[in-house]
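Have a look at the structure below, then the notes.
The values are calculated or read from the model by the stated rules, or taken from the named source; none is laboratory data. A quick note: this is a predicted structure, and the numbers were derived from the prediction, not measured. Note that we place each Cβ from the backbone using ideal geometry, even for glycine, and neighbour counts take in every protein chain shown.
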């Protein structure tokens, strides 16, 4: 069908949240100014699931994103209902029913009839014996399963959500589902896409990937931040205007801040994608290598060329388990030799506490980390020459241990040595002693889809949903255009990569993704010749413990690098200052690139405009 069920030729979907805690002003802007058909929310980062699990353990009324009910739906429900906007949110977390009940109470109090759909069945926690019988191991590291899992939730797809919409649901609340499913589902529902419409499903998935992180697609977290800084107080949030043929346009509400351009949208596409020729979600495998981005008009980017293949036979399951304890001490040091004083203080404190551990026959720390914030601690050996001369820094000491009592000693001694160690020290964080918290570590594995049953309800009644099972994936890789490297000139000039490209980075478990998008696609061969996997690994040697892989995306003039084992365990387990690789994009943009003299000269104007140092 060329038109949607609602009679329109396009469906406008507004991305209102990229995480639990995203701005409460985004949904109102999209509802009042976006002329949208659907309002979608992605609340469930993997770290967020850990928080919700702990909340559910305290009360059977908790475990969902309460902001969705109290800060979004309660004030906006009358307007949402009046405009006929449908809402989809994975706000259910680990307690979908409680979230739906809370929303129903809000609607009843307002006197607004509301048909609420829910999607469950993702919670597999009580099936741990099956997992062990199957001999399942961690999907990235191959590690054996922990003795006891605190939770296990499968990433469900979009078809269960679409089924709830088919039954007339006006709001659909899900638990753990893949982030892009909240956007793909209304397209399946409106355009009648089938489980074997792989190119369409892939396109809808990437539309969801672009808007799932809110303003990151409209100039938020943007390399060229000076271009959008004046609009920060009223940032525009993304809208995907989608058509039945799978093509779509990214835009934002008129007269709002930010920007929608090839660079802003391209940065978001590169975010956390791994291999762009095999971006795997439950409903399809997406191939973005030939995808094109076109600046169609002011703040409108047309996206096309996305291809799809049959999905895999497994769901990714994200589980958590109790893995000891952690604590963080933070303080400010200033004056002469501040960096050396901070190092000496940290080493002295750790040595002192280790002596007490030994006296109690306790093991050593499982891990420790010292961060000198203000002295380019994130940059490793790439720090500037004057970083060690900083006269004011924040010292952060992170520690992990299997015993809470051991960290009690660390916590007390952090303040207990105030009069016996360094001078020039004052508070640099929360008042009082460091807080000791349990580590809820993440563990991911794959599980057969045929053994997972999504449960779809509308107004509490099970609709008897059956998950479609397309034929298993036996496709070979789709053909991809290649990029021929351009050898750098021997007598050219060196400029920072930021003059030629923008970048975006993020995490997947213990791995980091760093995407690089050429400002001018014509420069990609020159950039690619110098951004080899070996050179990128050397640049990030202070973090990377595994291999570095490079994936080409010639359709949009980009590359993505996958840095294996680079986050110290990732998520809640890591003691890195940047546990989710959010800063890696800025670091790679400082790499020197040799270019012809004319390109260097042209780049200097942009560098002066943006304040970049060569």
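Of all the residues in segment 311-341, those that are surrounded by fewer than 18 Cβ atoms within 10 Å (Cβ to Cβ), part of a loop (DSSP other than H, G, I, E, B) and either free of Cβ contacts under 8 Å to residues at least 12 places away in the same chain or touching a helix residue (DSSP H, G or I) at 6+ places or on another chain (Cβ under 9 Å) (or both) number 4.
Each residue in segment 135-183 was checked for being in contact (Cβ under 8 Å) with a residue 60 or more places away in the chain, in contact with a strand residue (DSSP E or B) (Cβ under 8 Å, 6 or more places away or on another chain) and not in a loop (DSSP other than H, G, I, E, B), and 19 pass. Of all residues being within 14 Å of residue 207 (Cα to Cα) and in a loop (DSSP other than H, G, I, E, B) in segment 284-303, which is nearest to the chain's Cα centre (by Cα)? Just the residue, please. Result: 288.
Among the conditions (1) touching a strand residue (DSSP E or B) at 6+ places or on another chain (Cβ under 8 Å); (2) surrounded by fewer than 19 Cβ atoms within 10 Å (Cβ to Cβ); (3) within 21 Å of residue 420 (Cα to Cα), residue 346 misses just one, which is (2).
When segment 83-101 is examined, which residues are found to be farther than 20 Å from residue 459 by Cα and either assigned by TED's automatic domain parsing to the domain that holds residue 580 or free of Cβ contacts under 8 Å to residues at least 24 places away in the same chain (or both)? Once the filter is applied, which keeps residues that are farther than 20 Å from residue 459 by Cα and either assigned by TED's automatic domain parsing to the domain that holds residue 580 or free of Cβ contacts under 8 Å to residues at least 24 places away in the same chain (or both), segment 83-101 yields nothing.
For every residue, the table says whether it meets (1) touching a helix residue (DSSP H, G or I) at 6+ places or on another chain (Cβ under 6 Å); (2) under 21 Å from residue 19 (Cα atoms).
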residue	(1), (2)
509	no, yes
529	no, no
532	no, no
538	no, no
545	no, no
564	no, no
583	yes, yes
599	no, no
602	no, no
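Inside segment 521-530, can you point out the residues that are surrounded by fewer than 22 Cβ atoms within 10 Å (Cβ to Cβ) and either in contact with a strand residue (DSSP E or B) (Cβ under 9 Å, 6 or more places away or on another chain) or in contact (Cβ under 8 Å) with a residue 40 or more places away in the chain (or both)? Listed by number, the residues that qualify are 521, 523, 525, 528, 529, 530.
Here is a yes/no grid of residues against (1) crowded, with 24+ Cβ neighbours inside 10 Å; (2) free of Cβ contacts under 8 Å to residues at least 24 places away in the same chain:
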| site | (1), (2) |
| --- | --- |
| 263 | no, no |
| 269 | yes, no |
| 274 | no, no |
| 277 | no, no |
| 280 | no, no |
| 283 | yes, no |
| 294 | no, no |
| 298 | no, yes |
| 303 | yes, no |
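If the condition is being surrounded by 13 or more Cβ atoms within 10 Å (Cβ to Cβ), in contact with a helix residue (DSSP H, G or I) (Cβ under 8 Å, 6 or more places away or on another chain) and in a loop (DSSP other than H, G, I, E, B), then segment 415-428 contributes 417, 421, 422, 424. For the criterion of being more than 23 Å from residue 47 (Cβ to Cβ), more than 29 Å from the chain's Cα centre (by Cα) and surrounded by 18 or more Cβ atoms within 10 Å (Cβ to Cβ), residue 431 fails.
Just name the residue that is farthest from residue 365 (Cα to Cα) out of those in segment 385-414 that are in a strand (DSSP E or B) and touching a helix residue (DSSP H, G or I) at 6+ places or on another chain (Cβ under 7 Å). First the steps, then the outcome.
Of segment 385-414, the ones in a strand (DSSP E or B) are 392-401.
From what is left, the residues that are touching a helix residue (DSSP H, G or I) at 6+ places or on another chain (Cβ under 7 Å) are 392-393, 395, 397, 399, 401.
Details: 392: 28, 393: 25, 395: 19, 397: 12, 399: 7, 401: 5 Å.
Out of the qualifying residues, it is 392.
Determine which single condition residue 189 fails, assuming it passes every other condition in (1) in a helix (DSSP H, G or I); (2) more than 21 Å from residue 14 (Cβ to Cβ); (3) in contact with a helix residue (DSSP H, G or I) (Cβ under 7 Å, 6 or more places away or on another chain). (2) is the only condition that residue 189 fails.
Please work out if residue 502 is in contact with a strand residue (DSSP E or B) (Cβ under 6 Å, 6 or more places away or on another chain), assigned to a strand (DSSP E or B), modelled with pLDDT of 95 or more and within 22 Å of residue 305 (Cα to Cα). Yes.
Considering only residues in segment 559-614 that are over 19 Å from the mean Cα position of the chain (by Cα) and surrounded by 22 or more Cβ atoms within 10 Å (Cβ to Cβ), the one that is nearest to residue 142 (Cα to Cα) turns out to be 593.
Just one residue in the set 109, 32, 70 is part of a helix (DSSP H, G or I), in contact (Cβ under 8 Å) with a residue 40 or more places away in the chain and surrounded by fewer than 17 Cβ atoms within 10 Å (Cβ to Cβ); that residue is 32. Counting the residues of segment 229-280 that are at positive phi and over 21 Å from the mean Cα position of the chain (by Cα) gives 2. When each of 534, 507 is tested for being without any contact (Cβ under 8 Å) to a residue 24 or more places away in the chain and either out of contact with any strand residue (DSSP E or B) (no Cβ under 7 Å at 6 or more places or on another chain) or surrounded by fewer than 23 Cβ atoms within 10 Å (Cβ to Cβ) (or both), the lone residue that passes is 534.
Going by the conditions given, is residue 231 closer than 17 Å to residue 26 by Cα, part of a loop (DSSP other than H, G, I, E, B) and at pLDDT 95 or above? No; evaluated as a whole, the condition is false for this residue.
Here residue 92 passes the criteria (1) outside any loop (DSSP other than H, G, I, E, B); (2) in contact with a strand residue (DSSP E or B) (Cβ under 6 Å, 6 or more places away or on another chain); (3) crowded, with 24+ Cβ neighbours inside 10 Å except the one numbered (1).
Quick check, is residue 354 outside any loop (DSSP other than H, G, I, E, B), closer than 20 Å to residue 409 by Cβ and touching a helix residue (DSSP H, G or I) at 6+ places or on another chain (Cβ under 9 Å)? Steps first, answer last, please.
Numbers: outside any loop (DSSP other than H, G, I, E, B): yes; closer than 20 Å to residue 409 by Cβ: yes; touching a helix residue (DSSP H, G or I) at 6+ places or on another chain (Cβ under 9 Å): no.
Against the criterion (outside any loop (DSSP other than H, G, I, E, B), closer than 20 Å to residue 409 by Cβ and touching a helix residue (DSSP H, G or I) at 6+ places or on another chain (Cβ under 9 Å)), residue 354 does not qualify.
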